[in-house]
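Down below is the structure, laid out as structure tokens.
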Amino acid sequence: MTSSSQFLDAKIQDQPVEQVVEEEEKTEEVTMDELISSMITLSSYVNHLYTQAHLIHFNLESPIFLAVHKFLRKAYREHIQQFDTIAELVRSMDYFLPMCDRGLSSAYKGFKHVKSYSARDMLVTYVKNLEDGGMMAKKVAQMADLKDAPDVQNKLADICGQMFHIAYMLKSTLRAQTGTQPSE
């Protein structure tokens, strides 16, 4: 059906024209199962972030230990809240999460793990994971938009912003003090 015929059908049936236009813009189909599966994958990722941030919090040895230790405490607590938010959204849609850590961890297998006790290496890996997590949250939020779930979309957009904010703060700590812009 063309947009003009949809417009005429809407007029004939006394429906607001705006609804027809909005439906036309959302061309991709997303099933509820796909959205939930993506949210469970994101919850697994956030759980990995929590564990990584908490372990770096304890294992970091550096002249900036005290500041980063305190910062990471806030970060891993934020990851716990992010996980809880995603889990509550899944449950509010009458779906379940995995029953144990093994099931949850296996929902996302591509997580980048820290391979060195070097402070810089640990933090760079964590920052990369934060950025990847932010992009994942953004993609799942877009799926929620396609499924017309604004509550999910808004909460995931907040989580996306939180991840990028933590990444920015850590990158500012890691960046060499050259007095130039990062792109220069």
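What the table below lists for this structure:
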{"quantity": "Residue count for region 27-67, restricted to those that are more than 29 Å from D145 (Cα to Cα), surrounded by fewer than 20 Cβ atoms within 10 Å (Cβ to Cβ) and among the aliphatic types (A, V, I, L, M)", "calculated": "5"}
{"quantity": "In region 133-157, the residues that are in contact (Cβ under 8 Å) with a residue 40 or more places away in the chain and within 13 Å of the chain's Cα centre (by Cα)", "calculated": "G133, M136, A137, K139, V140, M143, A144, V152, K155, L156"}
{"quantity": "Residue match in region 124-132 (condition: without any contact (Cβ under 8 Å) to a residue 12 or more places away in the chain and either in contact with a Lys or Arg (Cβ under 6 Å, 6 or more places away or on another chain) or of a type outside the set (F, W, Y) (or both))", "calculated": "no"}
{"quantity": "Restricting region 55-91 to residues that are among the polar types (S, T, N, Q) and modelled with pLDDT of 95 or more, the residue that is nearest to the chain's Cα centre (by Cα)", "calculated": "Q82"}
{"quantity": "Residue within region 113-120 that is under 30 Å from P63 (Cα atoms) and part of a helix (DSSP H, G or I) present", "calculated": "yes"}
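The values are calculated or read from the model by the stated rules, or taken from the named source; none is laboratory data. This structure is a prediction, so every number in the text was calculated from the model and none was measured. Don't worry about glycine lacking a Cβ; one is built from the backbone with ideal geometry, like all the others, and counts go over all protein chains shown.
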